[in-house]
1. Starting from segment 79-99, take each residue that is touching a residue at least 60 places away in the same chain (Cβ under 8 Å) and more than 18 Å from ILE137 (Cα to Cα) and list its partners that are outside any loop (DSSP other than H, G, I, E, B) and polar (S, T, N, Q), counting only C-beta distances under 9 angstrom and pairs at least six apart or across chains.
2. List the helices (runs of 4 or more DSSP H) inside segment 197-269, counting only whole elements, that have at least 2 residues being open to solvent by 70 Å² or more (accessible area, probe 1.4 Å).
3. Look at GLY90 and say whether it is modelled with pLDDT under 75 and small (Gly, Ala, Ser).
4. If I go through segment 41-58 residue by residue, how many of them are farther than 20 Å from GLY250 by Cα and in a loop (DSSP other than H, G, I, E, B)?
5. Which residues, counting only those in segment 59-98, are under 17 Å from ALA115 (Cβ atoms), of a type in the set (A, V, I, L, M, F, W, C) and assigned to a helix (DSSP H, G or I)?
6. Would you please name the residue that is least open to solvent (accessible area, probe 1.4 Å), looking only at residues in segment 154-186 that are outside any loop (DSSP other than H, G, I, E, B) and at pLDDT 90 or above?
7. Going through segment 129-149 one residue at a time, which ones are farther than 23 Å from THR251 by Cβ and open to solvent by less than 50 Å² (accessible area, probe 1.4 Å)?
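The values are calculated or read from the model by the stated rules, or taken from the named source; none is laboratory data. In this text the structure is predicted, and so the values were computed from the model without any measurement. Cβ coordinates were reconstructed from backbone atoms using ideal geometry, including for glycine residues, and neighbour counts include every protein chain displayed. What goes into the accessible areas is simple: the full protein's heavy atoms, side chains included, and nothing from ligands, DNA or RNA. Shrake-Rupley method; radii C 1.70, N 1.55, O 1.52, S 1.80 Å.
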Amino acid sequence: MWATNLKVVGIVLGTLALYTLIANKIPQVQSEVPQTLTLGANVTPEQLVAAGEKVFNGIGGCTTCHGLGTRAPNLLTDEKGTGPIGARCGKREAGKDCKQYLYESLDDPKAYVVAGYQPIMPVMTKQLSPPQVWSVIAFLESQDGTVDVTASDIPATSSTSTTSPTGGGGGGGGAGGLAGGATDPKAIIQAAGCLVCHKLDGQGQVIAPDLTHVGSRRDAESIRKKILDPASSIAKGYEKLAGIMPKTFGTMMSAAQLEALAQYLAAHK
């Protein structure tokens with residue numbers, strides 16, 4: 001009897017030790033931009049623009065595509081003679097002013113695709129909180145345009161995503177984090193926009209390495225390291241794309257999400 005009990009206790013302790021070891025091996029990176037961006041009722045245009053610039057260059061991962069001007073329009077400099085985004089956003093779609101167009105681009109990016117580019121942009125209102133979304137819009141408007149985003153555009157809560165282009169739009173980023181905190185690998189991949197560059201199980205693009213059989217060349221630890229530190233290794237033949245993968249996924253995912261994603265990809269032999 002005692003021998004059986006000791007075996008049970010040993011198994012339980014061994015299991016707890018194993019999971020503790022795994023959890024401690026996953027780096028917890030501090031986010032440059034907090035997941036919850038608090039903007040008061042008296043927020044100024046300058047504060048919105050400053051916050052939006054941090055999101056654009058950080059957790060939003062916008063520069064991955066828009067910083068190149070090849071996979072997506074360059075938003076901060078002249079685009080084919082039409083000027084920076086703030087100067088051209090109000091002329092893209094008939095009947096939509098700059099703020100309406102920019103919100104639509106983040107909430108329903110396939111509604112209007114600029115000629116010459118592919119519809120590969122993920123739905124950013126599912127990745128960012130409403131304050132982050134509207135601060136990015138303010139930042140983009142400031143690029144040779146007029147900032148008309150105000151505190152009234154930002155909803156008091158971030159419960160449900162809407163398609164309202166004039167204000168009150170929601171988002172799924174918020175306190176729940178990426179994919180609402182879900183640990184379903186497919187939901188994480190969708191929310192993170194991985195298929196914008198990678199191909200997996202017949203879906204996505206071939207801009208970056210195909211992940212369909214990534215488990216045959218990388219184990220879970222290697223995949224986890226690559227997600228947290230994209231510059232840690234560069235796949236052969238993709239040297240020109242070094243530095244393109246966002247460095248912010250470690251700040252966007254919880255440890256449980258990161259581990260779920262790493263194990264899922266590692267199983268793709």
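1. That search, which allows pairs on different chains as well, returns nothing.
2. 220-228
3. Criteria not met by GLY90.
4. The number of residues fulfilling the criteria is 4.
5. CYS65, ILE85, CYS89
6. The qualifying residue least open to solvent (accessible area, probe 1.4 Å) is PRO185.
7. Correct list: GLU141, SER142, GLN143, GLY145, VAL147, VAL149.
So that you can scan it fast, the table gives a plain yes or no per residue for (1) crowded, with 20+ Cβ neighbours inside 10 Å; (2) modelled with pLDDT of 90 or more:
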site: LEU68; (1), (2): no, no
site: GLY83; (1), (2): no, no
site: CYS98; (1), (2): yes, yes
site: TYR103; (1), (2): yes, yes
site: ASP108; (1), (2): no, yes
site: VAL114; (1), (2): no, no
site: GLN127; (1), (2): yes, no
